[in-house]
Each structure stands twice: as C-alpha cells, then as structure tokens.
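Where a number appears in this text, it was derived from the coordinates with a stated rule and is not lab data. This is a predicted model, so every value here is computed, not measured. Here Cβ is always computed from backbone atoms with ideal geometry, including for glycine, and neighbour counts include all displayed protein chains.
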Amino acid sequence: METKLNSTCETCTHFNANGLKKLGIHTHNFDFVVALAGNPNTGKSTVFNALTGLKQHTGNWPGKTVIRAEGGFEYKTRKYKLVDLPGTYSLLSTSEDEEAARNFLLFGKPNVTVIVVDANRLERNLNLVLQILEITDKAVLCLNLMDEAKRNHVSIDVRTLSRNLGIPVVPTSARFNQGIPELIHTISEIANGTLVCKPYRIQNIPQNIEKAIKVLVTEIKKEFPHIPNSRWIAFRLLEGDTHIINALRSGELV
Amino acid sequence: MNQKNIDHIIELSNELRWQIGDDFHDTLTESMYANASNIVKNTVQNDNSKKRFQLDSKIDQIVTSKSFGFPIMFLILGLVLWLTIIGANYPSSLLANLLLDTIYPSLKSLALNIGMPWWLTGFLIDGVYLAVAWVIAVMLPPMAIFFPLFTLLEDFGYLPRVAFNLDALFKKSGAHGKQALTMSMGFGCNAAGVIATRIIDSPRERLIAILTNNFSLCNGRWPTQILIATIFIGALVPKSVSSLVALFAVIGIAVLGMVFMFGVSWALSKTVLKGEVSTFNLELPPYRPPRFWKTLYTSLIDRTLIVLWRAIVFAAPAGAVIWLISNINIGNESLAIWIIQSFDGFGFLLGLNGVILLAYIVAIPANEIVIPTILMLTVMVTGIAGGEGTGVLFELDSITDTAHILKAGGWTLLTAINLMLFSLLHNPCSTTIYTIYKETKSVKWTAFASIMPIIIGFIVTFLVAQFWRLLA
C-alpha cells in the first residue's frame, strides 16, 4: 500500500478543500470516525482513496474490497479516521459481508456515515440507504458516478432529494476528484454538530406492524433513553435476530 | 441497565412476532421498495435515449454469448500472453546484462581484493546473489507487463464477464463462480490468486478455490513452458510457423491446467468438501475506460513489487543450497551428482531425469530458477563445455546453445513434453504454500495443497512415458 503523497496535489486548492491534509494510513489520535458504506461497485474505494490520498487498487467488479480498509485525513485541525466497509445490497441478511458492515454501523458508532450511491441506479441503491438511516442519523449521501449519469442523461434534483431524505446530498465524481472538497466539508459539519440531520424513516408500513413497532420502541426507549436507532432494533427483534438479542442483553448497543 | 426490563422487551417482541404473522420480513422489504420509488419519482429524471446502456449491453451480448464468449476469452488470454512474452524479452536481457554481466564480475573482483575466502565468495556471490539476480531478471519484466495488462482488463470491467461465462462450468464442478476471477489472478501469480479467494464467502468453496489455484499456470512457469516448447515442439514444424505452434502448445498446457482445475474441484466437492453450491449475485458493472497511468502505478506497487519481494526472500536461501550441494563432495563426487544419480531411475519412469527432479526440489522457493538450475546441473553431469563453473547459475543467451546442452544431457521430445506437464503439475512454490497457510490457518490443508498436485504430476507423466515408449 502506498502512503507517500504528492505534495503539489496536497496543497492545490483546485483539488482539495482548504485546510485539508490527507493522512494516508496514519490514523492515530483521531477525533472522529467516519464510515464509508454503500452498494457494491458504486466507487466506495475510489471515494476512500480520494479522501485519504491512499492509492489502493480499485477494480471494476463488485466485491473488490475484501478487507476492511482504514485511512485518515485532517481537516481544519481535526483528525478523521475513515473506515471503508464491504459493499452490500442490504443489511438484513446474515452473509458475512453484510454482518461486518452492519456490526460496524451498530457497534463501531461512527460519528459520520458516508453512504456512497451510484447516481445511475439511485432507486435500487436507496434500499440500503433507508436501512442505514434507521440505524444512524448522522449521515451524508455521496451521489457518486455523476460523470456517468451525465453521459447517460440521468439528471437528479439534488436539493429535493436532500430534503426528502433529511440528510445532506453531495454529488461527486470521485474518479476525477470532483465534489470531494464539498464532501469533506459536509462530513466535518456533521461531525462537529453544525449540521443536524433529520433522516427519513421508512413509512407506510402496514397498520398492525407499525403498531407492534411502536409498542416495542416505547419499551426500548424507556430502558435506553439515548439510543438513536430504537426503531431499527424493534425491526430486528420482530425478525428474531439472535445477534441483536444477544447484543441487547450484553449492553453492547448502548 | 436492568436485566429484567431487557428480558421483558425480548419477551414482548416474541409475543408481537406471533401476532403480526410470518410475512413481516417481506412486508418490510416491500414497503422499503415502495418508499424508495416514491422518493425517486420526483427527483430523478431519465432521458429515454439511453445510448450508453445500449452500447454496454451490445458489448455484453457479444462477449458473453454462447458462440463467441469462449473464443474471445482465449483470444484475449493469448494476446495478453503474447504481449508479455514479446515485451519481456528486451528488459529481461537488459536486467540480465546489468545484474549478471556487470555487477556480478565486479562483486567477484571486489571479494578477491578484500581477500574473502573462496567458500564465502562462492556461498554469497555465486549462490545467494546470483539466485536473487536471476529471479529479478527473469520475473520482474513479465510481471511488470502481465499485472498492469490484467489490471486494465479488470478496470475496464471484463473480469466479471469471464466469471459469467465460466459460471456454469464451475457450478457443475461444485465450485463457486467467482473462482473464475481467482483463477485468472493465478495466471499472474498463484500467491496473489490465493489471496484473491477472499471474495468467496462460503468457506467450503473458498477452500476449493485455494486448493486448485496452483493449476493456473503462473508467471514463474510461463518462461519454462515457452523455452521448452520453442526448442522441442516448435522445431518439429517448418520455421515459418514454429513460434505459432510453440505458442499454441503453451496455451494447450494452460487449458489443460484449467481442465485439471475443474476436475479436481469436482472431485473435492463430491468427496471431502461436500456441500451445496452457493448462489450469488454477480452484477455486470458498466464498462469504464480505465485511467491508464493510475492503473499502471497501483498495479506495480500493489501487485508486482509485493510478489517480487516475497520471491526474493525465498530465492536467496535456494541459491545458497544450489551452491552448497554442487561444492560439497562426498567421496570424489559432489552431493549434487550423488542425488542426481539416485533420482535417475525414478526420473526415467516418469520420462524425466534425475537432473530435472533435483532442480524442482532446489527450485521450490521460486519456479523461475528451474531452467537455470537444470542447465547448470546438466553441464555438470555431462561434463560438456559451457557455463560458468561448478554450482554457478546461468542461462544461455541463444536458444540453440540451450538446445545443444539439453540434447547432450539426453533430452528427447518425451523429456520436453513431460517437463512441460510436470511444470504445470507439481507442488506450488514456497511463497504460495506460505500464503495458503496464512489464508487457511490449517497445516492439513496446506499439506494437501502442496502434495496433491505433485502426485497428479507423477501419475500423468508416468502414464505419458509408458504409452510413449509402448508406441514408439
């Protein structure tokens, strides 16, 4: 893995947000943890490289990231540790990669989660986005592969999307470093609390299920008043997820 | 936190689960999709002239079609190999010039000047230094060409299509379709191929992929195949087509390796590694023009240099061993001669000879040094002129010289064919063995992966030799 940085790029304002320093793999003494989640083959690893200055190989095939990659960057004197999660289509099944991604979001408690989506396949990608937004409310949507979307004549109303989802949306073309400064700035705003998200929660669930969830959520909130994802836990409990039941018993979720 | 309250929550959830019925999972998923399409409805506008998608699917129709899929695959494989073979020649001889013809003599004279004892000079410079220099000169150029070419194909998006084409064959062998990807990596380097099996989720299928990766003919073995095919098989036909015939012979060996990979995968999945074939979604990603220089850079750093470094670490002690067995005498013959003579009988049964078997033992650390070792040992046994001296690795510049030495060593067409087969079917190099251990954490499977191919190699070469002699 290459960690040496190109110094001209490092200081160039065209490529970087002001006050940015890419830290490569040096991630000690960080102030915030940032998770990178998303469907396979949406360019997560490319976003990861653009943020950290690392040059990890990114292949054009799904499932390329086999080991959890970590890196870091410094922005306005605060240090961020970035964790690249394996790409998944959902967080509901029990396959190894989905569990790894889900466990990190639940137990790793990242300060910010960057959800990378393919702008060309937004609807399909939203499935995972909605699930992540049930788990965490500190998230930013990285609308990647905008260059391809443009070529495919797909246009997205970013502001409406952002309003609908209740989280900031940043369009990027990570391969060409476009939108990365804006993404970094948004990450920092969420991390230090200047930007508060009110994420979209899954709606129009059949009456009887919604009622059951409400009963459970009230009970969970009574026991854990500060938990951000009581509704997600209710979903998993209703599904009979033994992993979550055990985590609840051991107190890992708090 | 109150344990009783938590138990209450869990009991409550069990109760509610009964009440809402068992279609909860599906209902929730359905609502999520409904939500998603609702959000997209007023934010995404799709121009209906989807030109690019059509181009992608046009390409896919051809490269994954029943009639063209496989020929195109072999054509691309042949092209990549051809570029590697042709392109590696020049930098290889340049490196050999530098490391062997310039640095090597000056190291020798330096050792002489500071009065180093002959055995230390021999051990360090003729043994360790030469082996490392050989591995760099022979291995670096083809890897520096093969890996970037492979990575460009990967970035373009061709590899998932290969996996798609081969999926049915792998399924029939009881293996995972993604094994096609790790198999392709193995053509570059088996150690890299073994690491790449991490993309396979199911432990059973991953193990199959690890155990059979050695049947992908790796970079260290391509030069051996090409050299022997040129000398012995290319010579059978008129000069104008000889290099083409030699290339086909080499591709034939590579395809035979794939046949063994499918066969062994099938046998494993029917016996010790029984189980269901797991299904998986393989999304065919859009074709993307690779960013050439970036790809070149990352593939050189991530793949080429890491693999090269490991090979060097293992080649250095091998060089020392070669020098030692050629220079330690028992009675009035060197240890190497004793071993060669005791192997000759078994070698004859396999249609090989003692020199080849010894060379394969010595060259366990790196397949690249097989040919230099064979030549050195052959010169020593036959006592013909040529080469640099006892226990000194060398490789001859002209193919005719090499052919001359091998024929003096009693080589026939059978020896050549069986050497090519044995080069395909023998134990993995120690780098790969070490990687297999690191990935499986199992001594048992590492031993199996090392011994199984060599037993197959013995059987195949034995059968070929017997039939050959029966018919000849």
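Key figures
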quantity: Average beta-carbon neighbours from other chains, 10 Å sphere, peptide A:124-135; calculated: 3
quantity: Ranked B:90, A:89, criterion: other C-beta atoms within 10 Å, fewest first; calculated: B:90, A:89
quantity: Segment residue B:22-residue B:297, extension gain: residue separation times 0.36 nm, minus the distance between their alpha carbons; calculated: 93.7 nm
quantity: Charge dipole of region B:187-305 about the Cα centre (unit charges at C-beta), most positive-ward option of B:238, B:258, B:292; calculated: B:292
quantity: Order by protection proxy (mean Cβ within 10 Å, highest first), peptides B:407-417, B:160-170; calculated: B:160-170, B:407-417
quantity: Mean-position separation - Cα centroids, region A:81-123 and region B:31-106, in angstrom; calculated: 27
quantity: Cα point-scatterer Debye curve for region B:237-337, base-10 log of I(q)/I(0) at q = 0.16, 0.18, 0.20 Å⁻¹; calculated: -1.14, -1.06, -1.02
quantity: Percent RCO, i.e. relative contact order, over region B:37-167, from Cα pairs under 8 Å lying at least 6 residues apart; calculated: 38
quantity: Packing-based ranking, highest mean first, of A:104-115, B:422-433, B:12-23 given that Cβ atoms within 10 Å are counted; calculated: B:422-433, A:104-115, B:12-23
quantity: Shape call, chain B: gyration tensor on alpha carbons, a/c limit 1.5; calculated: prolate
quantity: Relative contact order of chain B, pairs being alpha-carbon contacts under 8 Å that are 6 or more residues apart, as %; calculated: 17
quantity: Burial order of peptide ranges B:72-79, A:170-177 (average beta-carbon count within 10 Å, highest first); calculated: A:170-177, B:72-79
quantity: Estimated vicinal HN-Hα couplings, Hz - region B:329-346 in sequence order (Karplus 6.51, -1.76, 1.60; Gly, Pro = x); calculated: 9, 10, x, 10, 10, 6, 4, 4, 4, 4, 5, 4, 5, 6, 7, 4, x, 5
quantity: Between region A:154-192 and region B:299-365, the alpha-carbon center distance in angstrom; calculated: 59
quantity: Partner chain coverage, peptide B:27-34 - average Cβ within 10 angstrom; calculated: 6
quantity: Rounded to whole Hz, the Karplus (6.51, -1.76, 1.60) HN-Hα couplings of region B:249-258, x for glycine and proline; calculated: 4, 5, 5, x, 4, 4, 5, 4, x, 5
quantity: Within region A:111-254, percent of DSSP bridges classed antiparallel, to nearest 5; calculated: 10
quantity: For the protein assembly as shown, size of Cβ-based charge dipole, Lys and Arg +1, Asp and Glu -1, in debye; calculated: 940
quantity: Under the Karplus curve 6.51 cos²θ - 1.76 cosθ + 1.60, θ = phi - 60°, whole-Hz ³J(HN,Hα) for region B:111-119, x wherever Gly or Pro sits; calculated: 4, 5, 5, 8, x, 6, x, 4, 6
quantity: Furthest towards positive pole of dipole, B:45, B:114, A:177, structure part the protein assembly as shown, Cβ charges; calculated: B:45
quantity: Test item: A:244-250 mean partner chain Cβ contacts at 10 Å; calculated: 3
quantity: Simple Cβ-charge dipole of region B:196-347, Lys/Arg +1 and Asp/Glu -1, about Cα centre, in debye nearest 20; calculated: 480
quantity: Amide H contacts of residue A:24 (H built 1.01 Å from N, under 5 Å, at least 5 apart or other chain); calculated: A:54, A:72
quantity: Relative exposure of B:189, A:197, judged by other C-beta atoms within 10 Å (fewest first); calculated: A:197, B:189
quantity: Efficiency of FRET between residue B:463 and residue B:102 - r from beta-carbon atoms, R0 45 angstrom, step 0.05; calculated: 0.45
quantity: Solution diffusion estimate, µm²/s, Stokes-Einstein, the protein assembly as shown, Kirkwood Rh from C-alpha pairs, 20 °C, viscosity 1.002 mPa s; calculated: 74
quantity: Theoretical FRET efficiency, 1/(1+(r/R0)^6), r = Cβ-Cβ of residue B:382 and residue B:58, R0 41 Å, to 0.05; calculated: 0.10
quantity: Cβ-based exposure ranking for B:324, A:237, in which fewest neighbours within 10 Å come first; calculated: B:324, A:237
quantity: Cα-centred dipole magnitude for chain B, charges only on beta-carbon of K, R (+1) and D, E (-1), debye, nearest 20; calculated: 540
quantity: Positive-end extreme of charge dipole, region A:83-152 - chosen from A:85, A:125, A:149 (charges on Cβ); calculated: A:149
